[in-house]
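*Asks:* Dropping the structure in here first, questions after.
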Amino acid sequence: MALRSIYRAVIMGPPGSGKGTVSAHITKRFGLKQLSSGDLLRANIKAKTELGLLVKYRIEQEGQLAPDDVISQLILHELRSMERTDWLLDGFPRTVSQAEALDNVYSVDTVIHLDVPLQTIKERLTSRWTHLPSGRVYNVEFNPPRVAGLDDDTDEALVQRADDTPETVTQRLKVYETQTEPVLAYYRGKGVLATFSGTETNKIWPHIQAFLDKEIALV
Ligand code: G5P
Ligand code: MG
């Protein structure tokens, strides 16, 4: 009997478009393992590793990207221990150079693109609460935690991300337009881009679910 191949997916979209929220749904329904570049970088910042100290100001204050070589090495290193695992990359690649670095090692089956208008996004980020160790996200109105200020699974404290200030969010959105949108064209050219447009995650998710039901059945 032939072994089923490994399914490799990427989720892309502007800051606050719902990548983390949709990734949690995908993980739950399809069992893909999520790897979030932002969560990894924040863990390094919190642990004050050399890498964390290098990128802290750039990420938290300037809303700029970590250097391509640094983040590509970090993610490719993590992926090495996930060789036999179906995975979903959240937040990587974010530049064409990163996409090429990934392509040199793994071919991506699908890129899910969350196409959410920028004006919808800003308010979401300034009212987001995050459980830093797991990356679980909440929103005061959209999906509040059961107990205000505490993570549902661990009861640990939720925090607001240092880069969720209005100034840094504005900068992150600009960086997305200039440096990350070209990655969409890159994957479109490879025929793997699937775009889902809308303003509400709960309306977008059933379409993504139906799409993945078909896609994953084919692997
Ligand atoms: P991250 O961590 O990748 P971003 O900026 O790409 O950060 P972010 O902010 O994590 O993306 P998201 O995951 O797309 O957003 O969105 P989310 O957290 O699921 O949802 C946002 C909020 O909206 C939540 O509160 C959620 O509950 C709520 N929400 C969801 N859906 C709805 C809805 O329908 N309605 C409402 N009302 N609310 C909703 O990267 C951070 C930084 O790390 C560096 C960069 O500096 C980056 O800025 N970095 C990299 N640098 C270089 N290369 C890379 N590959 C890098 N990756 C990260
Ligand atoms: Mg996220």
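*Asks:* Using the basic label-point model (7 angstrom from Cα toward the beta carbon), what is the Asn143 to Lys174 distance in nanometres?
*Replies:* Each label point lies 7 Å from its Cα, and together they span 3.1 nm.
*Asks:* Taking H placed 1.01 Å from N in the peptide plane, check which residues at least 5 places from Asn139 or on another chain put their amide H under 5 Å from its amide H.
*Replies:* Trp129
*Asks:* Can you give me the solvent accessible area of Leu218 with a 1.4 Å probe, rounded to the nearest 10 Å²?
*Replies:* Accessible area of Leu218: about 150 Å².
*Asks:* Checking the a/c ratio against 1.5 first, then a/b against b/c, what shape does the Cα gyration tensor give for the chain?
*Replies:* The shape class here is rounded.
*Asks:* Which residue, chosen from Pro145, Ser5, Thr165, occupies the Cα position most advanced towards the positive end of the dipole of the chain, where the dipole is computed from +1 (Lys, Arg) and -1 (Asp, Glu) charges on Cβ about the Cα centre?
*Replies:* Checked the options; the winner is Ser5.
*Asks:* Just the accessible area per residue of the chain, please: how many Å² with a 1.4 Å probe?
*Replies:* Here the residues of the chain average 52 Å² of exposed surface.
*Asks:* Hey, another quick one. Run the quick spin-label model on Lys203 and Ala157: label points 7 Å from Cα toward the beta carbon, then report their separation in nm to one decimal.
*Replies:* According to this spin-label approximation, the distance is 3.8 nm.
*Asks:* Roughly how compact is segment 55-166, stated as its Cα Rg over 2.2 N^0.38 Å to two decimals?
*Replies:* So segment 55-166 has a normalised radius of gyration of 1.24.
*Asks:* Please work out whether segment 149-216 counts as rounded, prolate or oblate from its C-alpha gyration tensor, where a ≥ b ≥ c are the square roots of the eigenvalues and a/c under 1.5 means rounded, while otherwise a/b larger than b/c means prolate and anything else oblate?
*Replies:* It comes out oblate by the Cα gyration axes.
*Asks:* Work out from phi, with θ = phi - 60° and the Karplus expression 6.51 cos²θ - 1.76 cosθ + 1.60, the ³J(HN,Hα) of each residue of segment 98-105, listed in order in whole Hz, and give x for Gly and Pro.
*Replies:* Once θ is set to phi - 60°, the couplings for segment 98-105 become 5, 4, 5, 4, 5, 4, 5, 10 Hz.
*Asks:* What is the extension gain from Lys33 to Gln61, computed as 0.36 nm multiplied by their sequence separation minus the C-alpha to C-alpha distance, in nm to one decimal?
*Replies:* 7.1 nm
*Asks:* To continue, here is another question. In nm, to one decimal, how far is the Ser134 label point from the Thr120 one, both placed 7 Å along Cα→Cβ?
*Replies:* Each label point is offset 7 Å from its Cα along the Cβ direction, giving 2.6 nm.
*Asks:* Tell me, what ³J(HN,Hα) does each residue in segment 201-210 have, in order and in whole Hz, if you take phi through Karplus 6.51 cos²θ - 1.76 cosθ + 1.60 with θ = phi - 60° and put x for Gly and Pro?
*Replies:* Per residue, the Karplus-derived 3J(HN,Hα) values read 4, 5, 8, 6, 4, x, 5, 5, 4, 5 Hz.
*Asks:* Rounded to the nearest 500, what is the 222 nm mean residue ellipticity of the chain from helices alone, with -39500 (n - 2.57) per DSSP H run of 4+ residues and division by all residues?
*Replies:* Result for the chain, helices only: -13500 deg cm²/dmol.
*Asks:* When you have a sec, figure out the Kirkwood radius of segment 73-132 from all distinct Cα pair distances and drop it here in Å to one decimal?
*Replies:* The answer is 14.1 Å.
*Asks:* For segment 32-96, which trypsin sites (Lys or Arg not before Pro) are in a loop by DSSP, counting at most 12 other Cβ atoms within 10 Å?
*Replies:* Lys48, Arg84
*Asks:* What is the set of long-range amide H partners of Leu158 at a cut-off below 5 Å, with H atoms built 1.01 Å from backbone N?
*Replies:* When sequence neighbours closer than 5 places are left aside, the close amide H contacts are Leu150, Asp151.
*Asks:* Take every Cα pair under 8 Å in the chain that's 6+ residues apart, average their separations, divide by the length, and report that relative contact order as a whole percent.
*Replies:* 30
*Asks:* Enumerate the whole-percent occupancy of each 10 Å bin, from 0 to the last occupied one, for all C-alpha pair distances of segment 1-131.
*Replies:* Each 10 Å bin holds this share of Cα pairs: 11, 40, 37, 10, 1, 0.
*Asks:* Right, next: Which GluC sites (Glu not before Pro) in segment 45-126 sit in a loop by DSSP (not H, G, I, E or B) and have at most 12 other Cβ atoms within 10 Å of their own Cβ?
*Replies:* Answer by residue number: Glu83.
*Asks:* Then there's this: So, with a 1.4 angstrom probe, what is the percent of accessible area on segment 24-88 that is carbon and sulfur?
*Replies:* 51
*Asks:* Out of Val175, Val219, His207, whose Cα points farthest toward the positive end of the dipole of the chain (charges: +1 Lys, Arg; -1 Asp, Glu; placed on Cβ)?
*Replies:* The residue sitting farthest along the positive end of the dipole is Val219.
*Asks:* Quick one: Karplus J couplings for segment 38-55, per residue in order, coefficients 6.51, -1.76, 1.60, θ = phi - 60°, nearest Hz, x for Gly and Pro?
*Replies:* With coefficients 6.51, -1.76 and 1.60, one gets x, 4, 5, 5, 5, 5, 5, 5, 5, 7, 6, 6, 4, 4, x, 5, 5, 9 Hz.
*Asks:* Within the accessible area of segment 97-194, what % is carbon and sulfur when the probe is 1.4 Å and the other protein chains stay in place?
*Replies:* That fraction is 51 percent.
*Asks:* Check which residues have an amide H placed less than 5 Å from His113's amide H, if you skip close sequence neighbours.
*Replies:* Met12, Ala194, Thr195, Phe196
The values are calculated or read from the model by the stated rules, or taken from the named source; none is laboratory data. No experiment lies behind these values; they were computed from the predicted model shown. Using ideal geometry, Cβ is built from the backbone for each residue, glycine included, and neighbour counts are taken over all protein chains shown. Just so you know, the surface numbers come from the protein's heavy atoms only, side chains and all, with ligands and any DNA or RNA stripped out. Shrake-Rupley method; radii C 1.70, N 1.55, O 1.52, S 1.80 Å.
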